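Reading through the structure tokens given below for one structure.
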Amino acid sequence: MLDWKEIDTLLLDMDGTLLDLHFDSYFWLEFLPLRYAEMHQLEPGEARAWLHERICQEQGTLNWYCLDYWTEQLGMPIAALKREIAERISFRPHVEDFLLAVRHAGIRSVIVTNAHRGSLSLKIEKTAIDALVDNVISSHDFRYPKEAQAFWHQLQQVEPFDPQRTLLVDDSLAVLRSAQTYGIRYLLSIVQPDSQSEPRTITEFPFIDHFTEVMPNK
């Protein structure tokens, strides 16, 4: 599927790509609505519906991912609440072996994530994922999400890369479209970002289930 001899830089999403998206899905769809319902004396279903609608209003923006924004908007300590269920944070299958193989092949690997630093630091604490790559960049540092072209332009200033010799692996189709527009040549999606959800049907981009399908061969 990939000729690794043509790739110098590997850009990697974190949640849903390297880490199981189930932690985030459970937090936003189950755990937080229950806590919100308790605080406001609502039925859990009512709280879940309201939160879903409110959060979706920010989809595609940096606010969607910003723990500070939601802490202010909801009046709840989002980062502290995430820590309460931190035992659910886990790698997707074969990720650690893949990242070690990438390093052995001499390919620069950089995590590029929309995760807020508050969430990112918790996941690094629980997985030490930062030790498996060359750099970790949060879009919040640039003030633009990966869905925006400005993100890639700023990334180029911090982590110079040749788009024609770069691979991005990301579970978000919107992010992959943005990277494609910027000119990144090699793009891969993830068929099952959340281990507790059904595999997705993806037709727009090449995709993998597990990283064993694309282990470096150089």
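The values are calculated or read from the model by the stated rules, or taken from the named source; none is laboratory data. From a predicted model like this one, the values you see are computed outputs, not experimental measurements. Note: ideal-geometry Cβ built from the backbone for every residue, glycine included; neighbour counts use all protein chains shown. For the accessible areas, the whole protein counts, side chains as well, though only heavy atoms, and no ligand, DNA or RNA atoms are used. Shrake-Rupley method; radii C 1.70, N 1.55, O 1.52, S 1.80 Å.
Volume of the convex hull of region 25-122 (Cα atoms only), normalised per residue: 114 Å³.
Per residue, the accessible area of the chain comes to 47 Å² when a 1.4 Å probe rolls over the protein heavy atoms. Computed with every protein chain present, the accessible area of TYR144 is close to 100 Å² [probe 1.4 Å].
Roughly to the nearest percent, how much of the accessible area of the chain is carbon and sulfur, given a 1.4 Å probe? Could you put the intermediate results ahead of the total?
Working: 5000 of 10260 Å².
Percent of accessible area from carbon and sulfur atoms in the chain: 49.
Using the Kirkwood radius over C-alpha pairs as Rh, can you work out the diffusion coefficient of region 52-178 via Stokes-Einstein at 37 °C, viscosity 0.692 mPa s, in µm² per second? My calculation gives 204 µm²/s for D.
Based on the alpha-carbon gyration tensor of region 89-143 and its eigenvalue square roots a ≥ b ≥ c, which shape applies: rounded if a/c is under 1.5, prolate if not and a/b is larger than b/c, or oblate? Show your work: numbers first, answer last.
Values: a/c = 2.55, a/b = 1.41, b/c = 1.80.
In terms of gyration-tensor shape, oblate.
In region 25-148, taking the dipole from charged Cβ atoms about the Cα centre, the farthest positive-side position among VAL112, THR71, PRO145 is held by VAL112. Taking a sphere under 10 Å around the Cβ of ASN114 and counting the other residues whose Cβ falls inside, with K and R at +1 and D and E at -1, yields a net charge of -3.
A simple spin-label model places pseudo-atoms 7 Å from Cα toward Cβ; at ASN135 and LEU34 they are separated by 4.0 nm. For the chain, the relative contact order works out to 29 percent when only alpha carbon pairs closer than 8 Å and six or more residues apart are counted.
Across region 123-131, computed HN-Hα scalar couplings (Karplus, 6.51 cos²θ - 1.76 cosθ + 1.60, θ = phi - 60°) run 5, 5, 4, 7, 10, 6, 5, 5, 6 Hz from first to last residue, x flagging Gly and Pro. Computed over the alpha carbons of the chain, Rg followed by Dmax gives 17.5, 58 Å. Ranked by the mean number of other Cβ atoms within 10 Å per residue, highest first, peptides 177-185, 5-13 order as 5-13, 177-185.
Among DSSP beta bridges lying fully in the chain, give the percent that are antiparallel, nearest 5.
Numbers: 1 of 19 bridges.
Here the antiparallel bridges make up roughly 5 percent for the chain.
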